[in-house]
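See structure below.
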Amino acid sequence: MLFAITCIDKPNSLDLRLANRPPHLEYLNSHLARIVIAGPLLDDAGEKPVGSLLVMEFDDTAGAEAFAAGDPYAKAGLFQSVSIRPYRKVLP
């Protein structure tokens with residue numbers, strides 16, 4: 001089943017994001033087979049990352065929650081909020 005994981009960074013946390021980016025990318029690469037799409041959410045100017053959006057495949061919600069909790073960004077306290085919702089791809 002697909003899940004959309006939406007993470008919103010705490011305000012003024014770009015330095016924390018950048019400091020934890022290498023272990024975050026390593027974590028994502030270790031789960032590459034599950035990733036449909038992943039990338040940063042950007043500010044209104046389309047320049048600075050302010051969150052993350054991932055669509056990934058898991059057996060159940062518990063698997064998606066465990067993945068999200070294990071993300072180095074989450075462990076570093078970067079996120080203000082995390083939303084995990086079942087997702088259905090329709091197009092293309």
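With respect to the chain, whose longest principal axis is taken over its alpha-carbon atoms, helix 61-70 is tilted by about 30°.
Roughly to the nearest percent, how much of the accessible area of the chain is carbon and sulfur, given a 1.4 Å probe? Display every interim value, and only then the final one.
Values: 3220 of 5930 Å².
After summing per-atom areas, the C and S share lands at 54 percent.
Straight-line cross-link reach from LYS75 at under 16 Å between alpha-carbon atoms covers these lysines, not counting any fewer than eight positions away in the same chain: LYS10.
Probe of 1.4 angstrom, ligands and nucleic acids ignored: what's the accessible area per residue over the chain, in square angstrom? Can you show the working numbers first?
On the way: 5930 Å² over 92 residues.
Computed with neighbouring chains in place, this is 64 Å² per residue.
GNM on the chain, alpha-carbon springs under 10 angstrom: the most fluctuating residue among ALA74, ALA64, ALA33 is ALA33. Pairs of Cα atoms in the chain fall into 10 Å distance bins, from 0 up to the last occupied one, in shares of 16, 52, 28, 4 percent.
Rounded to the nearest 500, the helix-only mean residue ellipticity at 222 nm of the chain stands at -9500 deg cm²/dmol, with each DSSP H run of n ≥ 4 adding -39,500 (n - 2.57). The aspartates and glutamates whose alpha-carbon is closer than 17 Å to the alpha-carbon of LYS48, local same-chain residues fewer than 8 away aside, are ASP9, ASP15.
Can you bin region 41-92 into rounded, prolate or oblate? Criterion: square roots of the alpha carbon gyration tensor eigenvalues sorted a ≥ b ≥ c, rounded for a/c under 1.5, prolate for a/b above b/c, oblate for the rest. Working shown, then result.
Details: a/c = 2.85, a/b = 1.18, b/c = 2.42.
Cα axes put region 41-92 in the oblate bin.
Which of rounded, prolate, oblate describes region 21-61, given a ≥ b ≥ c as roots of the alpha-carbon gyration tensor eigenvalues and a/c under 1.5 marking rounded, otherwise prolate only if a/b is larger than b/c? It comes out oblate by the Cα gyration axes.
The values are calculated or read from the model by the stated rules, or taken from the named source; none is laboratory data. These numbers were taken from a predicted model, which means no experiment stands behind them. Surface areas here come from the heavy atoms of the whole protein model, side chains and all, with no ligands, DNA or RNA. Shrake-Rupley method; radii C 1.70, N 1.55, O 1.52, S 1.80 Å.
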